[in-house]
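Some notes on the structure that comes next.
The values are calculated or read from the model by the stated rules, or taken from the named source; none is laboratory data. Predicted, not measured: the structure shown is a model, and the values here were computed from it. Cβ atoms come from the backbone with ideal geometry, glycine included; neighbour counts cover every protein chain shown. Quick note on the areas: whole protein, heavy atoms, side chains included, nothing else; ligands and nucleic acids left out. Shrake-Rupley method; radii C 1.70, N 1.55, O 1.52, S 1.80 Å.
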Amino acid sequence: MRFEGRSAIVTGGARGIGFAIAEALAKEGGKVVIMDPGASKDGGSTDHSAGEEAVAKIRAAGGTALLAAESVADHEACGRTVALCTEKFGSVDILVNNAGVLRPKMIWNMPVEDWDVVVDIHLRGQYSMIHHAAPHMRRQRWGRIVNMGSEAWRGTVGGANYGAAKGGVFSLTRAMARELGKYGVTANTVCPAAATRLTLDEAVKEGFRKRLEAGLVTKERYDAVVNMGGPEHIAPFVAYLCSDEAANINGQAFRAEDRKIGIYNEPELKASVVKAGDEPFTQDEIRKLVPSALLGGYVNPAPAEAPAEGEPAPARAAS
Ligand SMILES: NC(=O)c1ccc[n+]([C@@H]2O[C@H](COP(=O)([O-])OP(=O)(O)OC[C@H]3O[C@@H](n4cnc5c(N)ncnc54)[C@H](O)[C@@H]3O)[C@@H](O)[C@H]2O)c1
């Protein structure tokens, strides 16, 4: 029982990946607080029964679990949940920041509310949970923090709120690793891929079927998407990061999916040009040096396209 005597909070633990993680920790003796109000996919409404059922399932299997039916977007509620965990279970040793919602739109159609809801749950919520849990972990000189990221942090289309929040998660984790590491607390990011209601509902499958029929995706890609493995492929790796064995794994970003675990590169300065003396670069030097010395092999991820028939020509500089 790897987690005997350990207590954990799993946000968004009522379903999907979070539930699989809560179950995995509880199965090995961990006492788990599921913090989840049972939000709809877009976070617009809540239904506590999802969390109640999750807790009942863990208990029925012999595990120990409690529900905090609260939102990570509420800073005070995060404090209450950490207090609940320490009062009922004696400590907070493990924090899995997993709660998430989606509100996809192109930036020009995205109302500020959709930006705020997504960033508040994915990024600010992780800050709030760590803010409240860190003093306990620091004091006891033991803690494990796993922050759920996403491949979207590398650049996405139609979900800038989500991608930006997940980029923030990546940086938040790296900062936490450095602030808390010396107290025996580790922080890592996991970017999962698993079939859940967030990623693979009927509408998504139908969309992919249409794209296959229209020749827009290959059969290989279609099969890979519709047969994507479930959350049970993510939980064992997250549990490993939460264990004693992972004491020296800190500040890393991992990819976890169906029978595959990967690690991302460290973000490093790739190349630089340096000017001798005290003067700033001139415009002429920049024009010459940047394309040749910095951008060798570079590919624009979205080059400008010619306007379609009837669309206005590209704007020219005003004279
Ligand atoms: N499924 C994937 O392939 C995938 C890919 C990349 C990233 N992720 C990330 O993994 C995490 C889990 O996603 P999932 O696919 O299991 O989704 P899911 O929708 O199945 O589960 C998300 C859970 O978060 C809860 N939640 C939503 N708002 C909350 C809030 N304000 N406070 C607390 N809980 C809240 C929901 O009620 C739900 O139970 C998310 O952070 C998501 O961004 C998932």
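Amide H contacts under 5 Å for residue 253: 189, 264, restricted to partners 5 or more places along the chain or on a different chain, H placed in the peptide plane at 1.01 Å from N.
Close amide H contacts of residue 143 (hydrogens built in the peptide plane, cut-off under 5 Å, sequence separation of 5 or more or a different chain): 185, 186. Scalar couplings 3J(HN,Hα) for the stretch 184-195, obtained by applying the Karplus form with A = 6.51, B = -1.76, C = 1.60 to θ = phi - 60°, are x, 10, 9, 9, 9, 9, 10, 9, x, 9, 7, 6 Hz; x denotes Gly and Pro. Think of the chain as a dipole: +1 on every Lys or Arg Cβ, -1 on every Asp or Glu Cβ, centred on the Cα centre; then among 312, 194, 160, 194 lies furthest on the positive end.
Mean Kyte-Doolittle of at least 0.0 and a Cα length of 27 Å or more along the axis: which whole DSSP H helices of the chain meet both? Within the chain the helices that satisfy the rule are 160-180. Remark on residue 39: its backbone amide H falls under 5 Å from those of 47, a criterion applied only to residues 5 or more positions apart or on other chains, H modelled at 1.01 Å from N. Computed across the chain, the Kirkwood radius stands at 21.6 Å (inverse of mean 1/r, all Cα pairs).
Over the chain, DSSP H runs of length four or greater, each weighted -39,500 (n - 2.57), average out per residue to a 222 nm ellipticity of -11500 deg cm²/dmol. Placing unit charges on each Cβ (+1 for Lys and Arg, -1 for Asp and Glu) gives the chain a dipole about its Cα centre, and among 106, 92, 127 the Cα reaching farthest toward its positive end belongs to 92. For the stretch 120-243, the dipole from Cβ point charges (+1 on Lys and Arg, -1 on Asp and Glu) about the Cα centre works out to 580 debye, to the nearest 20. Using a probe of 1.4 angstrom and keeping all protein chains present, the accessible surface of the chain works out to 55 square angstrom per residue. Remark: the stretch 230-319 is approximated by an ellipsoid whose semi-axes, taken from the C-alpha gyration tensor as √(5λ), come to 44, 27, 10 Å, largest first. Looking at the square roots a ≥ b ≥ c of the eigenvalues of the Cα gyration tensor of the stretch 15-94, which shape do they give, rounded for a/c under 1.5, prolate if a/b is larger than b/c, or oblate? Verdict is oblate for the stretch 15-94.
Taking 253, 239, 50 in turn, the Gaussian network model of the chain (Cα-Cα springs below 10 Å) assigns the largest fluctuation to 50.
Taking the Cα centre of the stretch 1-131 as reference, the dipole from Cβ charges on Lys and Arg (+1) and Asp and Glu (-1) amounts to some 420 debye. Placing +1 on the Cβ of every Lys and Arg and -1 on the Cβ of every Asp and Glu, with nothing else charged, gives the chain a dipole about its Cα centre of roughly 700 debye.
Counted without the sites themselves, the longest stretch of the chain free of trypsin sites (Lys or Arg not before Pro) in a DSSP loop having at most 15 other beta carbon atoms within 10 Å is 42-140.
Surface composition of the chain: carbon and sulfur make up 53 percent of the accessible area, probe 1.4 Å. Largest GNM mean-square fluctuation among 81, 173, 46, using the chain with Cα springs under 10 Å: 46.
If you take the square roots of the eigenvalues of the alpha-carbon gyration tensor of the stretch 1-152 and sort them as a ≥ b ≥ c, do you get rounded (a/c under 1.5), prolate (a/b over b/c) or oblate? Note, shape of the stretch 1-152 comes out prolate. Measuring between their Cα centroids, the stretch 245-278 and the stretch 49-122 lie 28 Å from each other.
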